[in-house]
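Enquirer: For reference, the structure I am asking about is given below.
The values are calculated or read from the model by the stated rules, or taken from the named source; none is laboratory data. Predicted model, so just to flag it, every value in this text is computed and none were measured. Cβ: placed from backbone, ideal geometry, glycine included. Neighbour counts: every protein chain shown.
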Number of protein chains: 2
Amino acid sequence: MRVSSGWSPRLADAGAPTSERLVTALAEDILDGVVAEGERLPAHRALAEELGVALGTVTKAYAELGLRGLVRGTHGRGTFVSYRASPTSGTVDLAMNMPPRLLSDEVIGDALAASAHRVDAEVLSACGPPGGRLEYRRTAAAWLASSGLELPPEELVLAHGAQQGIVAVLMAVGRPGRPVPVYTEEVTFHGALSYARLAGHSVHGVPIDRQGMRPDLLDRMLALDARAGAHAGIRPVVYVTPTLQNPTGATMCASRRRELVRVARSHDVLVIEDDVYALSEERTAPALVELAPERTFHVSSASKALSPAIRLGMVKAPCAFRPRVADAVRSLGLPVSPLICVLLDELVGAGIASTVRASIRDEGARRTALAREQLGSALFLAPKTGYHVFLPMPPEHARRLAAAAQDAGVLVTDPDSMLADPQGSRVGGVRLSLGAPPMAELARGLSVVRDLLGAAPTPSGK
Amino acid sequence: MRVSSGWSPRLADAGAPTSERLVTALAEDILDGVVAEGERLPAHRALAEELGVALGTVTKAYAELGLRGLVRGTHGRGTFVSYRASPTSGTVDLAMNMPPRLLSDEVIGDALAASAHRVDAEVLSACGPPGGRLEYRRTAAAWLASSGLELPPEELVLAHGAQQGIVAVLMAVGRPGRPVPVYTEEVTFHGALSYARLAGHSVHGVPIDRQGMRPDLLDRMLALDARAGAHAGIRPVVYVTPTLQNPTGATMCASRRRELVRVARSHDVLVIEDDVYALSEERTAPALVELAPERTFHVSSASKALSPAIRLGMVKAPCAFRPRVADAVRSLGLPVSPLICVLLDELVGAGIASTVRASIRDEGARRTALAREQLGSALFLAPKTGYHVFLPMPPEHARRLAAAAQDAGVLVTDPDSMLADPQGSRVGGVRLSLGAPPMAELARGLSVVRDLLGAAPTPSGK
């Protein structure tokens, strides 16, 4: 339904305050391209009358949308959409695990322009102290605090993205030239697997359930391997993603986390906690780094909760390992671009980072809801948040489904790349990344996968 | 000598065309802070009359300075200095090997602002194809072409800086978990040494002379080690910097390069050519990658010849290794920031990159001339270009000199970090990086080192 000014919002889903519902409705239509860049929104007063809400409600909603970079008010002329929805393309990309694009071009452009005058000899200086310049670590700590995790800036090591942080930790915990046994979820982040293999580490897949890695089976595997002498003189490492695990979407409850820490302590192993998908400021369970700071490497980033353009990774290492992690980051090349640090600082300072993080969480929830609707019981989990879902099935089915989807113009992540044990894996599956495509394309992609699931054999033999 | 408008140039050093000499004189005084940011330069006509040159000569010189970002014309008001010289600080930093800061804040700011409108969903996409998006590889190839090396964009792999490129190559040439024997100059780039050690590779220091690595001795070492079984099943790698070697400043002539290639071929070893210091568009000798493309990994970057802010590394690998190098870059984390690629593209496109590269070469020559003047015969080489010089001396003298210099407020690179064999090294020395400090500070730093050399024992026993 369009009004004279081109557009009128739906206001369904009662429950939340009216201004929030208005923001949600407006934002969705802008993100989906229902109202295009440059279109003028209804005047405040006209919209308030049409919807029967207070004028202040509309004003508040428009202001919030302005902060998100979705609209821009031009004095005396009205409020215009300033977000360009991604163009639809032939192929639906469910392969790249990118956050929904909520940081608008215009907001990044503004932050870049605002950063421009802060670029000076200091900013350009390539080498800071190990771990990164303190002011940038403060920005990183402020970013982490906005997800509810308070870590002292002095204890952070900055990296060029979370993956560089993980690589640096794997270098720092090993001895030169000696492989480290890495225990991880049987399906997990392909980037960590790929480095571990190239570096010659041995990877051990720990069975998962709906809360992720199973501590009881980790316990048993560590005990057996230790008895078989697999750890001779080397401390094994557990690489685990307790929140919104990639690819399964599993999140561990507090007691599962405590149990994992108990097992790690009893075998004296180190833990790499990949926390890049922590999107919420209200954590429902403590981070492993809070439960076992003496053995946990906490790795996080700004890319997955903000934008892939903001490539800043951060590692909190146990005290004794911090210099080695910083050294490892340095040995991997120039660690973090100061331009990116300045950019993040602009975004955190203006409150944009938190707003965008919340929007990404909301948009992720909308997209996973769509996936639940389309794929229902075929999903490993029906997460209420995050922006990736997982269809469990035997590896050979997963390969076949991925190929068939590609033929139908839908890309999914290479199923084998996520397997801790590509040869012997009993489990496997297809990850669907919901963040990248525009909503209409996502719907089409999901329906293609649903049809293929109906046609192809699934693990339960449907 | 100051005129009413605040400043008048010296025009000594006849030889070059007048407008070039004018540019040089003006640029030096701006870089040195003799004329400060915001000062107005003499009017074109007034300066032409004062110097007795044609009006066009002054106009041309001012335009060139404008392109470099050192001055800015304001219509009807005159030409103003737009470069802020680095503030003098207490400490003279001769440790960080940074190019002289010739890319002005204003030019970077302008390029950032110009990039801002190019930031869109495409640019933000984190994952491109392995090796980087083709348009960015074209930018990288255009940058390389401006240093006289033509490489096809399709064959380049982009990385987050040259060091990430070197690390990726070292990962790609080895087998998982098995150390690679790395042969390199007995003093060399500490970043490569530091990764090689952390990854457990064995490092072998090849003696150098005034042209860098000695192929005859490399030949002998490879033969002996092969006979001793040191290479069992693994192809050794030679990591070498043929142009403006770091730290010695040595550059190999064409026949030395051919001899090195002959040795590499006869032992069938791989070669990593670190070419980050190629500053000139007129190469005096072919690159190793041109002589032996079948075994040479050519690594370059934009950081050392342009600005540390532009962290774009590029690797040209032998055909069969290209996918492995691209994989290794990916396994190290997000490879290269698209923002940086767009920024470089802005700078290359506007002709600024070439101009700044030439200015950095000229400024480097001015700084090495100062080092020759101050330190003369104590230098390993008296290079006419580049921006680092090396004082050879036994490792224990080097450590003592570095400590004494630090006490006197002058930082130099940790001498041990550059040694291929820190325990057994016969050679050693102190690297002085001339690029970072303002000229006046550099002069003070060099005189401190000169005085310490006079006071302390030097290798020749002075």
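Enquirer: Find the residue count for the range A:295-329, including only residues that are facing chain B (nearest Cβ under 7 Å) and closer than 20 Å to A:T139 by Cβ.
Expert: Qualifying residue count, the range A:295-329: 5.
Enquirer: Going through B:L149, B:L170 one at a time, which residue ends up being in contact (Cβ under 8 Å) with a residue 24 or more places away in the chain and in a loop (DSSP other than H, G, I, E, B)?
Expert: Details: B:L170 fails: in a loop (DSSP other than H, G, I, E, B).
It is B:L149.
Enquirer: Just give me the residues in the range B:359-409 being among the aromatic types (F, W, Y) and out of contact with any strand residue (DSSP E or B) (no Cβ under 6 Å at 6 or more places or on another chain), in sequence order. Spell out how you get there, then give the answer.
Expert: Of all residues in the range B:359-409, those among the aromatic types (F, W, Y) come to B:380, B:387, B:390.
Selection gives B:Y387 alone.
Enquirer: Pick from A:L432, A:L391, A:L401, A:L411: which is in a helix (DSSP H, G or I), crowded, with 17+ Cβ neighbours inside 10 Å, hydrophobic (A, V, I, L, M, F, W, C) and touching a helix residue (DSSP H, G or I) at 6+ places or on another chain (Cβ under 9 Å)?
Expert: On the way: A:L432 fails: in a helix (DSSP H, G or I); A:L391 fails: in a helix (DSSP H, G or I); A:L411 fails: in a helix (DSSP H, G or I).
When all the criteria are applied, what remains is A:L401.
Enquirer: Counting only residues that are β-branched (V, I, T), crowded, with 24+ Cβ neighbours inside 10 Å and either more than 20 Å from the chain's Cα centre (by Cα) or at pLDDT 85 or above (or both), how many does the range A:306-353 have?
Expert: 3
Enquirer: Between residues in the range B:414-425 that are without any contact (Cβ under 8 Å) to a residue 24 or more places away in the chain and residues that are surrounded by 15 or more Cβ atoms within 10 Å (Cβ to Cβ) and not in a helix (DSSP H, G or I), which pairs lie under 7 Å by C-beta distance while being six or more apart or on different chains?
Expert: Between residues of the range B:414-425 that are without any contact (Cβ under 8 Å) to a residue 24 or more places away in the chain and residues that are surrounded by 15 or more Cβ atoms within 10 Å (Cβ to Cβ) and not in a helix (DSSP H, G or I), the close pairs are B:P415/B:G428; B:P415/B:G429; B:P415/B:V430; B:D416/B:P422.
Enquirer: Among the residues in the range A:178-198, are any surrounded by fewer than 18 Cβ atoms within 10 Å (Cβ to Cβ), within 14 Å of chain B (Cβ to nearest Cβ), more than 30 Å from A:L379 (Cα to Cα) and of a type in the set (V, I, T)?
Expert: Looking through the range A:178-198, none of the residues is surrounded by fewer than 18 Cβ atoms within 10 Å (Cβ to Cβ), within 14 Å of chain B (Cβ to nearest Cβ), more than 30 Å from A:L379 (Cα to Cα) and of a type in the set (V, I, T).
Enquirer: Scan the range A:209-223 residue by residue and report those that are closer than 20 Å to A:P395 by Cα and either surrounded by fewer than 22 Cβ atoms within 10 Å (Cβ to Cβ) or more than 22 Å from the chain's Cα centre (by Cα) (or both). Spell out how you get there, then give the answer.
Expert: Residues of the range A:209-223 that are closer than 20 Å to A:P395 by Cα, as a first pass: A:209-210, A:212-213.
A:D209, A:R210, listed by residue number.
Enquirer: Still on this structure, I have one more. Please enumerate the residues belonging to the range B:290-302 that are in contact (Cβ under 8 Å) with a residue 40 or more places away in the chain and surrounded by fewer than 23 Cβ atoms within 10 Å (Cβ to Cβ). So that I can check it myself, show each step before the final result.
Expert: Of all residues in the range B:290-302, those in contact (Cβ under 8 Å) with a residue 40 or more places away in the chain come to B:290, B:297-302.
B:E290 - this is the single residue of the range B:290-302 that is in contact (Cβ under 8 Å) with a residue 40 or more places away in the chain and surrounded by fewer than 23 Cβ atoms within 10 Å (Cβ to Cβ).
Enquirer: Another one. Between residues in the range A:380-391 that are touching a residue at least 24 places away in the same chain (Cβ under 8 Å) and outside the structural domain of A:S303 (by TED's automatic domain parsing) and residues that are among the hydroxyl-bearing types (S, T, Y) and assigned to a loop (DSSP other than H, G, I, E, B), which pairs lie under 7 Å by C-beta distance while being six or more apart or on different chains?
Expert: A:F380/A:T248; A:L381/A:T248; A:G386/A:Y277; A:F390/A:T248
Enquirer: Shifting gears a bit: Being in contact with a Lys or Arg (Cβ under 7 Å, 6 or more places away or on another chain) and assigned to a loop (DSSP other than H, G, I, E, B) is the filter here, so list the residues in the range B:201-241 that pass it.
Expert: Residues satisfying the conditions are B:P207, B:Q211, B:I234.
Yes/no per residue for (1) more than 8 Å from every other protein chain (Cβ to nearest Cβ); (2) modelled with pLDDT of 85 or more:
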| position | (1), (2) |
| --- | --- |
| A:L102 | yes, no |
| A:A111 | yes, no |
| A:R118 | yes, no |
| A:A121 | no, no |
| A:L124 | no, no |
| A:G131 | yes, no |
| A:L134 | yes, yes |
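Enquirer: How many of the residues in the range B:356-373 are polar (S, T, N, Q) and modelled with pLDDT under 95?
Expert: At the first step, the residues of the range B:356-373 found to be polar (S, T, N, Q) are B:359, B:368.
Still in the list and also modelled with pLDDT under 95: B:359.
Of the residues in the range B:356-373, 1 are polar (S, T, N, Q) and modelled with pLDDT under 95.
Enquirer: From (1) touching an Asp or Glu at 6+ places or on another chain (Cβ under 8 Å); (2) modelled with pLDDT of 75 or more; (3) crowded, with 22+ Cβ neighbours inside 10 Å, pick out the condition that doesn't hold for B:F80.
Expert: Unmet condition: (3).
Enquirer: Separate question: Tell me which residues, restricted to the range B:30-77, are closer than 24 Å to B:I352 by Cβ and among the β-branched types (V, I, T).
Expert: Those that are closer than 24 Å to B:I352 by Cβ and among the β-branched types (V, I, T): B:I30, B:V34, B:V35, B:T57, B:V58, B:T59, B:V71, B:T74.
Enquirer: Of all residues being surrounded by fewer than 23 Cβ atoms within 10 Å (Cβ to Cβ) and more than 22 Å from the chain's Cα centre (by Cα) in the range A:128-152, which is farthest from A:L339 (Cα to Cα)? Just the residue, please.
Expert: Among those that are surrounded by fewer than 23 Cβ atoms within 10 Å (Cβ to Cβ) and more than 22 Å from the chain's Cα centre (by Cα), it is A:P152.
Enquirer: Just one of the numbered conditions (1) surrounded by fewer than 17 Cβ atoms within 10 Å (Cβ to Cβ); (2) of a type outside the set (D, E); (3) in contact with a Gly (Cβ under 8 Å, 6 or more places away or on another chain); (4) part of a helix (DSSP H, G or I) is not true of B:R45; which one?
Expert: If we test B:R45 against (1) surrounded by fewer than 17 Cβ atoms within 10 Å (Cβ to Cβ); (2) of a type outside the set (D, E); (3) in contact with a Gly (Cβ under 8 Å, 6 or more places away or on another chain); (4) part of a helix (DSSP H, G or I), just (3) comes out false.
Enquirer: To continue, here is another question. Is there a residue in the range B:382-391 that is modelled with pLDDT under 95 and aliphatic (A, V, I, L, M)?
Expert: Yes: the range B:382-391 contains one or more residues that are modelled with pLDDT under 95 and aliphatic (A, V, I, L, M).
Enquirer: What's the total number of residues in the range A:347-358 that are within 18 Å of A:G109 (Cβ to Cβ), touching a residue at least 60 places away in the same chain (Cβ under 8 Å) and in a helix (DSSP H, G or I)?
Expert: Number satisfying all stated conditions: 6.
Enquirer: Pull up the range B:84-99, narrow it to residues that are more than 11 Å from chain A (Cβ to nearest Cβ) and in a loop (DSSP other than H, G, I, E, B), then point me to the one that is modelled with the highest pLDDT. First the steps, then the outcome.
Expert: Taking the range B:84-99 as the starting set, the residues that turn out to be more than 11 Å from chain A (Cβ to nearest Cβ) are B:88, B:90-92, B:94.
Those left that are additionally in a loop (DSSP other than H, G, I, E, B): B:88, B:90-91.
On the way: B:T88: 65, B:G90: 76, B:T91: 85.
The residue in question is B:T91.
Enquirer: Kindly evaluate B:Q245 against the criterion of being closer than 19 Å to B:A382 by Cα, crowded, with 17+ Cβ neighbours inside 10 Å, away from every other protein chain (no Cβ under 14 Å) and touching a helix residue (DSSP H, G or I) at 6+ places or on another chain (Cβ under 8 Å).
Expert: On the way: closer than 19 Å to B:A382 by Cα: yes; crowded, with 17+ Cβ neighbours inside 10 Å: yes; away from every other protein chain (no Cβ under 14 Å): yes; touching a helix residue (DSSP H, G or I) at 6+ places or on another chain (Cβ under 8 Å): no.
No: the conditions fail for B:Q245.
Enquirer: Moving to a separate point now. Filter the range B:152-167 down to the residues that are small (G, A, S) and outside any loop (DSSP other than H, G, I, E, B), then identify the one that is nearest to A:G177 (Cα to Cα).
Expert: First, pick out the residues of the range B:152-167 that are small (G, A, S): B:159, B:161-162, B:165.
Narrowing further to those that are outside any loop (DSSP other than H, G, I, E, B): B:159, B:162, B:165.
Details: B:A159: 24, B:A162: 23, B:G165: 20 Å.
Within the range B:152-167, the match that is nearest to A:G177 (Cα to Cα) is B:G165.
Enquirer: Would you be able to say whether some residue in the range B:341-357 is within 14 Å of chain A (Cβ to nearest Cβ), touching a helix residue (DSSP H, G or I) at 6+ places or on another chain (Cβ under 8 Å) and under 24 Å from B:F297 (Cα atoms)? Please lay out each step first, then the result.
Expert: The first filter runs over the range B:341-357 and keeps only residues within 14 Å of chain A (Cβ to nearest Cβ), leaving B:341-344, B:346-347, B:356.
Adding the requirement that they be touching a helix residue (DSSP H, G or I) at 6+ places or on another chain (Cβ under 8 Å) leaves B:341-344, B:346-347, B:356.
Filter again for under 24 Å from B:F297 (Cα atoms), leaving B:341, B:344.
There is at least one residue in the range B:341-357 that is within 14 Å of chain A (Cβ to nearest Cβ), touching a helix residue (DSSP H, G or I) at 6+ places or on another chain (Cβ under 8 Å) and under 24 Å from B:F297 (Cα atoms).
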